[in-house]
Amino acid sequence: MKEHTTARYPRITPNSLIGTDDLLSVFKLALPPCQNCQTPRENEHAKFCSNCGVVLKTASTFDEIVKHDIEKLGLTKKRVQTIKKHSHITIIKDILMDHENRELRDVPGIGEIWAKRIRSRAEEYIS
């Protein structure tokens with residue numbers, strides 16, 4: 001009679017991967033410093049700088065990402081230059097705000113298919 005064996009796989013937990021269950025001690029939230037005096041923030045809930053007292057701005061990662069230049073999308077230099085020369089598109093936000101890719105399609109050499117590809121790359125970049 002054939003013996004039935006099952007493979008045993010250990011349960012993966014934070015402790016087995018990192019050595020602790022306290023993830024907050026290992027992975028700290030990177031907070032932007034005070035925009036006035038560059039003092040590091042003490043915690044994520046701080047409303048005022050502990051050093052100079054100025055109201056702290058809340059940083060938006062999304063806003064920072066959409067301000068990146070369109071060259072970050074992996075397009076050729078020539079295509080990036082053509083887009084910038086023949087349109088007002090310079091940053092990723094411009095592509096995302098281009099309703100139905102109208103401005104992109106007005107660029108010489110960019111038709112409906114390439115406009116969709118470029119928009120898809122922009123959407124993938126921010127996700």
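The values are calculated or read from the model by the stated rules, or taken from the named source; none is laboratory data. Being a predicted model, the structure only gives us computed values, none of them experimental. When we count neighbours, we look across all protein chains shown, and the Cβ atoms used for this are built from the backbone with ideal geometry, even at glycine.
Here's the yes/no breakdown for (1) under 17 Å from E124 (Cβ atoms); (2) touching a helix residue (DSSP H, G or I) at 6+ places or on another chain (Cβ under 7 Å):
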| site | (1), (2) |
| --- | --- |
| L56 | no, no |
| E71 | yes, yes |
| G74 | yes, yes |
| K93 | yes, yes |
| I110 | no, yes |
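For first residues located in the stretch 105-119 and in contact (Cβ under 8 Å) with a residue 60 or more places away in the chain and within 16 Å of T82 (Cβ to Cβ), partners that are polar (S, T, N, Q) and assigned to a loop (DSSP other than H, G, I, E, B) and lie 6+ apart or on another chain with Cβ distances below 7 Å do not occur.
If you scan the stretch 51-97, which residues turn out to be touching a Lys or Arg at 6+ places or on another chain (Cβ under 8 Å) and among the small types (G, A, S)? G74, the sole residue that qualifies. Of all the listed residues (R11, R79), the sole one being modelled with pLDDT of 80 or more and of a type in the set (D, E, K, R) is R79. Listed conditions (1) touching a helix residue (DSSP H, G or I) at 6+ places or on another chain (Cβ under 8 Å); (2) at pLDDT 95 or above; (3) among the β-branched types (V, I, T) are all met by I65, apart from (2).
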